[in-house]
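Chemist: Have a look at this one.
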Amino acid sequence: MPAAVPSERELAILRSFASRIDPSDAGAHNNLGVLYYQKGMVAEAVAAFARALELDPRMQVAQANLERAWREHGYFDARVAELEERLRRQPADRDARWELGRAWASLGQPDRAAQQFEALLAQWPDDVPALIQLGLAEQGRGRLEEAEGHFAQAAARDPRSAVAQFYLGQTRYNRGLNEAAREALEGAIARNPEYAEAHYLLAFVYGDMGRHDDAREATRRAIALNPTLARAQANLSLDRLWGGESERAPAGERGARRPAEAGRDALAHLPLGLAFRQKGYWAEALREYRLALEAGEDRRQVLQAMAEVHLLRRDHAAAAELYDELVRQYPDSAKLWNERGVCLHQLGRREDAAASYERAVAVDRTYAVAWNNLAILRSAGARPEPALEAFRLAVEHGPTLHAARLNLGLFHFHRRQLQAALQAFRAVLAADHDSAAAWNGVGLVLMELRRFPDARNAFVRAVERDDGLAPAHYNLSFTLGQLGDFEGALRETKRALELESYYVPQKYALTIDLPYEDAVIAIAPEVASDVGLEELGGEFAFDPALLDRLFDELAPPEAALPRTADDQLALARDYVEKGLLELATAEVTRARARGADPVGTIVLLGDIYARRGLHGEALERYAEARRLAPADRDALLGELRALLALGRGAEAPPLLEQLPRVAPRDVEALLLDARARLALGDAVRALDAV
């Protein structure tokens, strides 16, 4: 059973967590719902689980959590009774029938959901959102051919809708109709090139069709638009927190470990700490881990988790202290020895770090991350052979460990072995064309060859893919200076100084083995390991054909076509029109990150709140938008609608005076004017507006 009423401190934590989660992260909404439920906030928990399912209908943990939250305390029965009473009194209440259908759908009852959406379509045959919901319900009961028919009708009735095309393509793919699915998904992308989910599903279609290069490019584009598509989730389950396994949780889904000593009324601190940790909330995660120790949860797991958090937050002394205790108790863990070595390495204790790395590879000769770290330490030696042997073993045992190849390329670059360096960086780009560090490495080699235009293009690729990579900004600045673009050089220098106050061409990267976070920790190269180029002297041989192939790849990228704010917000508006409000909220967030018009994004958030019936929240958004752009038509109309919905028509006159100037001869504005005049008791002017 959920706990009693939460304290003010607990409410503050929940509000903080809710305000900081990524709106497009289904796992975050699910985990927030678990926290709400644990604190007895059932309505909030239900809303959070429903958001998670709208974002990811296949999240079985969220489905199970929602079913449990719905069923307990009679919450679901009361909500259904309320909606059915509204329909009894007013059968044409579209909103009530829509909410009832969505409630049955979220509870995994597609038959009952379909009945409600069929009733909607009987009254309004051209209701595209209802067609899409009916298609989703048919999908839920396995009737894919019928679902395809509904989505096809929706696409025909709204030919501009990327959303309708996406669902049509999804159903065709599920039916095994790859060519037809490809056509629909490419149609969705043609209508909205920034539709991440369409790119992602199209990658699977291309893969099934044997078009593997196209599949890789589609996946790359999807993840660039929506990084959550590539994010591992640790999704909390109500069943796992309070005993018993969730029957709906798939075996392959990464879930929270069941605590050893978690009572029915106690929150499991270890998985909750993981939920905080995944969002980068280090202090909150450490607090939960300390509570886990007090509650008697698995000591090794908790101490290891605490050590990893200290390492991630760069508190190496605290991390090293915990790793010292862990390796004493568990000396056969290569992972623990390697991470202890990383802490000691960062603390400047090089000999102790080397001993830890060597102990790690003695425990496991195939442990690539430790070989990579040992190679970095050995690179400072006078002889190159020990470092090269360690790099060879890192690459051999970790073919997908790109950091090892990047470090090897940097090692060769420091020793003026430019062709070997370029080959190492190109090997990374062959597997990950978006590697900013690899493009930066290529640029370094080209700078040494005095191929400045091509070096500039390589550094541009690097900063486009990672604007926070300070060495690439510094290197681009130097290259622009060589090309005479002093204004551009100054701009890049300023950006580099904002990121880091000192210059290094590229950093070696230590590697650790973590399941949820980036396993690479960049370090500034030690002075001893930076072999000066002038010390090596002599000429070097270089394969011209290798450069020719590289120059073909380094042609300047085509300039992106300018996009309007409407283009950037088109998918979010499409979601709003279809009643998919959580997807709309997530898309607004991504559009804002891509540089969409701030006024347009705020107004659209107001529209989403208004569609949910949260007119106070909507009013705040519209007012904020009007402060930024007093003459914005949509913000003005939205503010008027929100005031009327809140029964605050007395505040409308100042806004009504602006209508003729902001929205002249606008039918929607005139109708809103009439409604406001009626609310003010001015029937004559209301009639004039009509």
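The values are calculated or read from the model by the stated rules, or taken from the named source; none is laboratory data. Predicted model only: the values in this text are computed from it and were never measured. As a convention, Cβ positions derive from the backbone with ideal geometry for all residues, glycine included, and neighbour counts pool all protein chains shown. Ligands, DNA and RNA are excluded from the accessible area calculation, which covers all protein heavy atoms including side chains. Shrake-Rupley method; radii C 1.70, N 1.55, O 1.52, S 1.80 Å.
Chemist: Just read off the accessible area of H433 with the full protein assembly in place, 1.4 Å probe, to the nearest 10 Å².
Modeler: Approximately 80 Å² for this residue.
Chemist: Can I ask one more? What figure, in Å² to the nearest 10, do you get for the accessible area of D214 with a 1.4 Å probe and non-protein molecules left out?
Modeler: Number for this one is 60 Å².
Chemist: Using heavy-atom solvent-accessible surface (probe 1.4 Å) with all chains present, what is the largest-first order of M209, M306? Display every interim value, and only then the final one.
Modeler: On the way: M209 65, M306 20 Å².
Result of the area sort, largest leading: M209, M306.
Chemist: Could you work out the relative contact order of region 67-156, using alpha carbon pairs under 8 angstrom and six or more residues apart, expressed as a whole percent? Intermediate values should be presented prior to the final figure.
Modeler: Details: 90 pairs, mean separation 16.7, N = 90.
It rounds to 19 percent for region 67-156.
Chemist: Counting pairs of alpha carbon atoms under 8 Å apart in space and at least six apart in sequence, what relative contact order in percent does region 271-351 give? Present the calculation step by step, with values, prior to reporting the outcome.
Modeler: Working: 70 pairs, mean separation 16.1, N = 81.
Over region 271-351, the number comes to 20 percent.
Chemist: So if each residue of separation counts as 0.36 nm, and I subtract the Cα-Cα distance between E389 and D324, what length gain in nm does that give? Walk me through the numbers on the way to the answer.
Modeler: Working: separation 65, 0.36 × 65 = 23.40 nm, distance 2.81 nm.
Difference between extended and current length: 20.6 nm.
Chemist: Ranked from the most accessible area to the least, with a 1.4 Å probe and all protein chains present, what is the order of K335, K494?
Modeler: Values: K335 40, K494 120 Å².
Order by accessible area, largest first: K494, K335.
Chemist: Using the Cα gyration tensor of region 151-207, with a ≥ b ≥ c the square roots of its eigenvalues, what is the shape: rounded (a/c below 1.5), prolate (a/b larger than b/c) or oblate (neither)?
Modeler: Numbers: a/c = 2.23, a/b = 1.22, b/c = 1.82.
Note, shape of region 151-207 comes out oblate.
Chemist: At 1.4 Å probe radius, can you tell me the per residue accessible area of region 394-491 in Å²? Provide the component values of the computation, followed by the final result.
Modeler: Values: 3700 Å² over 98 residues.
Roughly 38 Å² per residue, with all protein chains present.
Chemist: Within region 379-474, list the GluC sites (Glu not before Pro) lying in a DSSP loop whose Cβ has at most 14 other Cβ atoms in a 10 Å radius. Mind dumping the intermediate values first?
Modeler: Numbers: sites: E389, E396, E448, E464; in loops: none.
In loop regions of region 379-474 (DSSP not H, G, I, E or B), there are no sparsely surrounded GluC sites (Glu not before Pro).
Chemist: With a cut-off of 8 Å between alpha carbons and a minimum separation of six or more residues, what is the relative contact order of region 312-390 in percent? Display every interim value, and only then the final one.
Modeler: Working: 87 pairs, mean separation 17.3, N = 79.
Contact order relative to length: 22 percent.
Chemist: Right, here's the next one. Label points 7 Å out from Cα along the Cβ direction at E617 and D315: separation in nm?
Modeler: Those two pseudo-labels are separated by 3.4 nm.
Chemist: Around Y508, which amide H atoms from residues at least 5 apart in sequence, or from another chain, sit under 5 Å from its own amide H, with H modelled in the peptide plane?
Modeler: I523
Chemist: Could you work out how far apart the two model spin labels at D682 and R88 are, taking each label as a point 7 Å from the Cα in the direction of the beta carbon, and quote it in nm?
Modeler: Placing both labels 7 Å beyond Cα along the Cβ direction yields 4.3 nm.
Chemist: Just grab the label-to-label distance for L347 and D208, each label 7 Å out from Cα along the Cβ direction, in nm (one decimal).
Modeler: Reported label-point gap for L347 and D208 is 5.4 nm.
Chemist: Could you state how much accessible area S379 has, in square angstrom rounded to the nearest 10, with a 1.4 Å probe and all protein chains kept in place?
Modeler: Only protein atoms counted, so the area is about 10 Å².
Chemist: Can I ask one more? Can you classify region 111-188 as rounded, prolate or oblate using the Cα gyration tensor, where a ≥ b ≥ c are the square roots of its eigenvalues, rounded means a/c under 1.5, and otherwise it's prolate if a/b beats b/c and oblate if not?
Modeler: Working: a/c = 2.90, a/b = 1.38, b/c = 2.11.
Verdict is oblate for region 111-188.
Chemist: Got a sec? What order do F486, F151, F452 fall in by accessible area at 1.4 Å, biggest, i.e. largest, first? Working shown, then result.
Modeler: Values: F486 140, F151 0, F452 25 Å².
So the residues, ranked largest to smallest area, are F486, F452, F151.
Chemist: Follow-up question, since we're still on this one. How would you classify region 301-415 from its alpha-carbon gyration tensor, with a ≥ b ≥ c the square roots of the eigenvalues: rounded for a/c under 1.5, else prolate if a/b is greater than b/c, otherwise oblate? Each step should come with its number before you reach the end.
Modeler: Values: a/c = 1.93, a/b = 1.68, b/c = 1.15.
It is prolate, given that a/c is not under 1.5 and a/b is the larger ratio.
Chemist: Count neighbours as other Cβ atoms within 10 Å of each site's Cβ, and list the trypsin sites (Lys or Arg not before Pro) in region 385-484 that are DSSP loop with at most 11 such neighbours.
Modeler: Details: sites: R392, R405, R415, R416, R426, R450, R451, R456, R461, R465; in loops: R415, R416, R450, R451.
Counting only loop positions with at most 11 other Cβ atoms within 10 Å, the trypsin sites (Lys or Arg not before Pro) in region 385-484 are R450.
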